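Below is one structure, written out as structure tokens, with a few remarks after it.
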Amino acid sequence: MLEGFKINCFPLNRAIRISIALPKEYNNTSRYYPVIYFLDGQNLYKDEDSYRGVSLGLDHIIEDLSFEGKEAIYVGIAAASNPERRDEEYESKTLADFIVSAIHPYLSGRYRMNNYIYSFGCSKACYTAIALNQSDIFKGMILLSPVVNLDAVKALSIPENNLCYIYSGKAEENGTCSKNTELLKEIFPNAIIHMDDNKEHSEVAWKLKISDALSYLVL
């Protein structure tokens with residue numbers, strides 16, 4: 001069950017498109033569910049919605065996890081439609097701060113969310129996924145192929161007990177992602193690290209890792 005709407009974000013001077021994927025039995029139960037906030041929400045479901053022309057196919061992943069009894073609320077936060085502006089937004093904490101101060105309070109009042117809230121980011125969106133964990137609302141993060149400013153990450157205050165799952169391919173972005181992963185392991189020593197020989201820095205590779213990350217870390 002997929003819902004969608006927009007929220008005006010004055011700090012970013014744009015409207016943010018939000019998608020909400022609810023469990024199939026959501027309306028037939030009073031259960032409260034864990035929540036995963038996905039950055040780059042425009043890339044989650046349909047290839048035509050992704051500015052790179054390939055989606056993560058999250059709907060199929062959700063269905064497979066549901067068959068295993070693993071249910072959650074999946075929140076997509078769409079990036080700016082201009083890719084250059086997307087990159088600029090993911091280099092600051094503005095979006096993370098707005099999610100914590102405005103979007104999550106609104107959604108938690110509208111949907112049955114429990115206290116297990118996580119963030120998910122790929123590539124440059126990993127910084128925002130990390131920054132969200134400065135808030136005690138968030139309990140962990142999934143980072144796929146991180147392309148981040150390590151000094152900016154070190155300046156954040158992330159609770160030591162927050163969960164962290166990191167994946168990267170050794171050949172992605174000429175080794176940048178794997179190097180960042182090794183350095184992030186020093187910042188988050190309890191992180192679960194998965195690396196392989198992949199060199200494809202795109203949703204094509206990332207969609208293969210989502211189910212494992214969610215199953216191990218969240219659900």
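Rule-based calculations on the coordinates, nothing more; no lab input. What you see is a predicted model; the values in this text were computed from it and never measured. FYI the Cβ positions are ideal-geometry reconstructions off the backbone, even for glycines, and counts take in every protein chain you see.
For this structure, a couple of remarks:
- Each residue of region 106-112 was assigned a 3J(HN,Hα) from its phi angle through the Karplus curve 6.51 cos²θ - 1.76 cosθ + 1.60 (θ = phi - 60°); the sequence is 5, 5, 5, x, 9, 10, 7 Hz, with glycine and proline shown as x.
- Modelled spin labels at GLU63 and SER202, positioned 7 Å past Cα toward Cβ, are 2.4 nm from each other.
- FRET efficiency, ILE187 to LYS46 (Cβ-Cβ, R0 41 Å, nearest 0.05): 0.75
- Helix-derived mean residue ellipticity, 222 nm - over the chain, DSSP H n ≥ 4, -39500 (n - 2.57), to 500: -7500 deg cm²/dmol
- Region 92-219, relative contact order in percent, only Cα pairs under 8 angstrom and at least six apart counted: 20 percent
- Each peptide in 192-198, 143-149 was scored by the mean count of other Cβ atoms within 10 Å over its residues; highest first, the order is 143-149, 192-198.
- Value of relative contact order over region 65-151, rounded to a whole percent, pairs C-alpha under 8 Å and six or more apart: 26 percent
- Relative contact order %, the chain, counting alpha carbon pairs below 8 Å whose residues are six or more apart: 18 percent
- Near the amide H of SER119, within less than 5 Å, lie the amide hydrogens of TYR37, GLY140, MET141, ILE142, all on another chain or at least 5 residues away, with H placed in the peptide plane.
- Loop-resident GluC sites (Glu not before Pro) (DSSP state other than H, G, I, E or B) in region 133-181 with no more than 14 further Cβ atoms inside 10 Å of their Cβ: GLU160.
- Extending 7 Å from Cα along the Cβ direction at ASP212 and again at GLU160 yields two label points whose distance is 2.9 nm.
- Qualifying trypsin sites (Lys or Arg not before Pro) in region 72-116, DSSP loop, other Cβ atoms within 10 Å at most 16: ARG112
- Among the listed pairs LYS185/LYS209; LYS6/LYS179; LYS70/LYS207; LYS185/LYS207; LYS6/LYS46; LYS154/LYS209, a Cα-Cα separation exceeding 29 Å is found for LYS6/LYS179.
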